[in-house]
Amino acid sequence: MAKQSTRSTPEFKRQMVALVRAGRDPASLVKEFDLMAWAIALWVRQDGPEELTRLRRENRRLKEQRDILSKAAAWFARENDPSARSSRSPLCQCDLELLPTANCSLICTFCRTGVV
C-alpha cells in the first residue's frame, strides 16, 4: 500500500534544512522522521537562494558598518593629532581655530584677533 502523503509545515522544513546544514545525514533524517529522501533534498535546494540573498544582504551591511567605523577612526585620529593642525585653519594666540569672515580674513571668535 502506498504511503499517504502529509504536508509539512514551513517551520518543520526549515528545521530539517538546518539539521542537514549542521551536518546530519539526510538518510538518518528520512528514517527518523519518516520522510521521503527527495523531499529533504528539495527543501535544501530551495533554501539555498534565500539563504544566499540573506547572507549577501548581511555582508553588504557589515561592509558599510566597517567603512563607517574606519572613516570615523581616521577622523578622530586626525582631530587628536597635534601635527595635523597645520592642515586645518591657522590658530591665533589663544590656540583657537580662526574662522573666515565675510571679507575672507581670518579672525578668532574668542579674542577677536587675526592670524599671528
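The values are calculated or read from the model by the stated rules, or taken from the named source; none is laboratory data. Quick caveat, the model's predicted, so the values are computed rather than measured. Counting neighbours? That spans all protein chains shown, and the Cβs are built from the backbone with ideal geometry, glycine included.
Quick look at the values:
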read-out	value
Near pairs, Cβ below 6 angstrom, 6+ apart or cross-chain, from segment 26-41 (of a type in the set (Gly, Ala, Ser)) to any residue that is modelled with pLDDT of 90 or more and surrounded by 10 or more Cβ atoms within 10 Å (Cβ to Cβ)	Ala37/Val30
Flag for Arg60 being assigned to a loop (DSSP other than H, G, I, E, B) and either of a type in the set (A, V, I, L, M, F, W, C) or exposed (fewer than 11 other Cβ atoms within 10 Å of the Cβ) (or both)	no
Test: Arg88 is surrounded by 10 or more Cβ atoms within 10 Å (Cβ to Cβ) and modelled with pLDDT of 90 or more	no
